[in-house]
1. Just one of (1) away from every other protein chain (no Cβ under 14 Å); (2) open to solvent by less than 10 Å² (accessible area, probe 1.4 Å) trips up residue A:224, so point out which.
2. Among the listed residues A:102, A:81, A:113, A:76, which satisfies the condition of being within 14 Å of chain B (Cβ to nearest Cβ) and over 23 Å from residue A:152 (Cα atoms)?
3. Which of the residues spanning region A:107-116 are closer than 25 Å to residue A:171 by Cα and either under 19 Å from the mean Cα position of the chain (by Cα) or of a type in the set (A, V, I, L, M) (or both)?
4. Would a scan of region A:198-213 turn up a residue that is under 25 Å from residue A:267 (Cβ atoms) and over 14 Å from the mean Cα position of the chain (by Cα)?
5. Could you grab me the full set of residues in region B:216-234 that are surrounded by 11 or more Cβ atoms within 10 Å (Cβ to Cβ) and basic (Lys, Arg)?
6. Scan region A:134-142 and tell me whether some residue there is without any contact (Cβ under 8 Å) to a residue 40 or more places away in the chain, on the phi > 0 side of the Ramachandran plot and open to solvent by less than 50 Å² (accessible area, probe 1.4 Å).
7. Test of understanding: among B:264, B:239, which residue is at pLDDT 95 or above, open to solvent by less than 10 Å² (accessible area, probe 1.4 Å) and among the hydrophobic types (A, V, I, L, M, F, W, C)?
8. State all residues of region B:289-322 that are outside any helix (DSSP H, G or I) and among the hydroxyl-bearing types (Ser, Thr, Tyr); if no residue qualifies, say none.
Amino acid sequence: MSAIRREIADCVVHGMTGNPLRDAPFASGESAICVWLRVQTMNAGFGRNMEYKRITLLSGHYGSGKTNIAVNLALDMRRRDASLPLAVADLDIVNPYFRTLDSKAELEAAGIDLIVSRYANTNLDAPALPSEMYRIIEERNRGFVVDVGGDDRGALALGRLSGKILEEGMYDMLLVINCYRPLSRDAESTVEILREIEEAARLPFTGIVNNSNLGSDTTAETIISSLDYAREVSGIAELPVVLTTIDENVYNKYRSTLQERIENIFPLRLQARPV
Amino acid sequence: MAEKVLMKGNEAIAEAAILAGCRHYFGYPITPQTEIAAYMAKRMPKIGGTFLQAESEVAAINMVYGASSAGVRVMTSSSSPGISLKSEGISYLAGADLPAVIVNAQRGGPGLGGIQPSQSDYFQATRGGGHGDYHLIVLAPSSVQEMASLTIKAFDLADKWRAPVMILADGTTGQMMEPVSFDFEISPQPEKPWALTGTRGARPHNITNSLYLSPEVLEEKNFERYRKYDEIIRTEKMAEEYRMEDAEIVLVAFGIAARVSKNAVDAARKEGVKAGLIRPITLWPFPSDTLLKATEKARAFISVELSMGQLIEDVKLSTECRRPVYLCNRAGGMIPLPDQIHRAIMEAHSATAPGTSVSFSSCNKEDK
C-alpha cells in the first residue's frame, strides 16, 4: 500500500486493524445488498467469482474503456438479480462525447436508473455534474456503478463523495488499463496515472481491470501479450487484476485460446458507434 | 513506437507532430480538439519541448509566428470559432511566408454553434480564411492513421513551401479511436537560412515581415507567391479513388463524410449501380484533374458533405459543368448516414439513366 493510499484510508476509517479496504472488505457494516451479491455470484459469471460491492467505481486514463465497462457491469448485475435496485452514475466532467447516455435505452429496459448530467451529449460543453449524484451515498439499498471521468482531472469530481464512500467501506474502485494506449504503454506510466487519480479522487483503488485492446485490430495475441503488463501493474500497485475485459466478438472468435490463458475473462458488449 | 497503439485522432496528430520534430505548441482550449493540447501538455515537458496555453487564440497564433520566425517546427490547434480568431495571424504567417501547422477540428457553426462534427469551415480553409490574397495548403485526413501520416506531411510541406499548412479534421475524426502505427520515415528538416537565429555578426540580419511600404514591391511579393502556388497546384494534389474504374455515379467527399460514403458505394454496387468515390486528400490544391477525368465515364456527381454546399462548388468548378452535380448533406453537427447517401446515389442513378431528359449543362442540380 502506497503512502498516500494508506494516508487516505487511515484518515477516514478509524480504529480498524489491517487494511479495512482490502483485507476485510465485508468485515463490519456489511449491507444486505453486498451479502446478496456475494452469495449469488459464487456460481455465476466467468472465471473467478465476481463479487460486487454496493458501489463499483470505474476510473482510469481517458479512452481506456471505463464507460463501456461500467454499462456492461451494471447489466451483468441485473442478469444476476432481476429486482435489485441498480443505477449507473456518470460523473464524467471531461469528455462530452461517448457517454453512458448512449446506452440509455438499454439501461432503462433493464430497469437500471441512469444518473447523468442533463447536458451530456448536448452542445453545452460545460463540466456539469448530475444533481442526483448524492444518491450514490444516500441510497444505501441500491447498487451503483459509477463512470468516473478520465485521468486525475476527471476523478476530481469523485472527491466530493469519497469521504462518505470510505466511511461506508462498501466500494470497489477499479483502475481500467490498456497498454496499447500511448500514455499508458508500460506499467510505470500506468501506475503514475493511478497515483494521480487517487490523489485527485482522495480514494484508494481496490483492483485493476485489464482492458488492453487495439480496437478493430485486437486478436487473442493482442490480449495475451498484455498479461505481463497487467501483472506488472498489479505488482507495483499491490492490487489484484480482478477482470480481463474483452470485446465479445474477439472473445467468441478466440474463446478456447483465451480461456486457456486467462481465468478472469469478462466479455464486453461495446456501445454501437454511428460510423 | 514501431508497434501499433490505440489512439484518438487528436492524440495521433499530437504524437505525429512530436515525431516530426515539433517541440513548440501554443494553443487555447476548445472542444473538440482538447486532446491535442492535453497530449502536448503531458508529453512536451518530458522531451524538452514547450507546451504553452496562451491567454487567447490570437496570442497563440502570434506565438506560432514568433517560433516559426526563429526557424523551429511549430503547431497550434483549435476548432472552428477559435480558427476564426486565429485568422488574422494566419494571414500574417502567409504574408511573411512562414511555415506552420494549424489544426482545425471542425465543429458545427456558425457562431458558437455546437461541439459535434462539421465540415462547414471548408470555404474558410480552402479560400484562405483571413484577409488578403493567399492560400493555405489544406490536408483532410479520414482515419486516425492518416491523422498521423498527414501531420508529418504537413510539417514537410510547410517547410518545403514556406507556407502555413492546415489539417482540416472534424469532431469525429478527432475523437474516434483506431489502431495506428508510427512506423514513419522522418526526413531531415531543411535548412532555414531565412530564419531569425542571430547573425553573430557574420551575416546581414533576417526579417520576417508582412508589411511593405511600397505597393510596387507588395504587388511583386504577391505575384511571386502566386507563382509558388502554381507550383504547389502542379505538384502537390492528392486524392484517393475508390471503386472508380467504371464509376457512373461519382461521390466526392473528404474526411468523415468519405468514410460513410464508402459504405454507400459498396451498398449501391451490390445492387448493380456503378458507384465510386473520389476522396480529395488535399483540399487545396484541389485534385480537380482527377474529377475532370472522371467525367468521361460518370453520369453524375454527388458532393457528400457536413455543410450546406461548400465542397460542391469545387466539384462543379472541376467538372466544368459537363455532368450534373447533386448535393447530399447534413449540417449543424449531424453526419449523413449510409442510407441517406445510398438514396442519393439511387436518385442520381435514375435521374440520369440513358433516355431520361436531363440537362447535362446544368450546374444547379442540387438535391437534398
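1. Residue A:224 satisfies every listed condition except (2).
2. A:102
3. Within region A:107-116, the first condition is being closer than 25 Å to residue A:171 by Cα, and the residues that meet it are A:107-108, A:110-116.
Scanning region A:107-116 gives A:107, A:110, A:112, A:113, A:114, A:115, A:116.
4. Filtering region A:198-213 down to residues under 25 Å from residue A:267 (Cβ atoms) leaves A:205-213.
Checking the rest, the ones that are also over 14 Å from the mean Cα position of the chain (by Cα) come to A:212-213.
For region A:198-213, residues under 25 Å from residue A:267 (Cβ atoms) and over 14 Å from the mean Cα position of the chain (by Cα): present.
5. B:221, B:225, B:228
6. Our first condition is that a residue be without any contact (Cβ under 8 Å) to a residue 40 or more places away in the chain; within region A:134-142, this holds for A:134, A:137-138.
Then drop every residue that is not on the phi > 0 side of the Ramachandran plot, which leaves none.
Within region A:134-142, none of the residues are without any contact (Cβ under 8 Å) to a residue 40 or more places away in the chain, on the phi > 0 side of the Ramachandran plot and open to solvent by less than 50 Å² (accessible area, probe 1.4 Å).
7. Values: B:239 fails: open to solvent by less than 10 Å² (accessible area, probe 1.4 Å).
None of the other options fit; the residue is B:264.
8. Of region B:289-322, the ones outside any helix (DSSP H, G or I) are B:295-310, B:320-322.
Of everything in region B:289-322, those that are outside any helix (DSSP H, G or I) and among the hydroxyl-bearing types (Ser, Thr, Tyr) turn out to be B:295, B:303, B:307.
The values are calculated or read from the model by the stated rules, or taken from the named source; none is laboratory data. From a predicted model like this one, the values you see are computed outputs, not experimental measurements. So basically every Cβ, Gly included, is an ideal-geometry build from the backbone, and we count neighbours across all protein chains shown. Ligands, DNA and RNA are stripped out before the accessible areas are found, and what is left, the full protein with its side chains, is counted by its heavy atoms. Shrake-Rupley method; radii C 1.70, N 1.55, O 1.52, S 1.80 Å.
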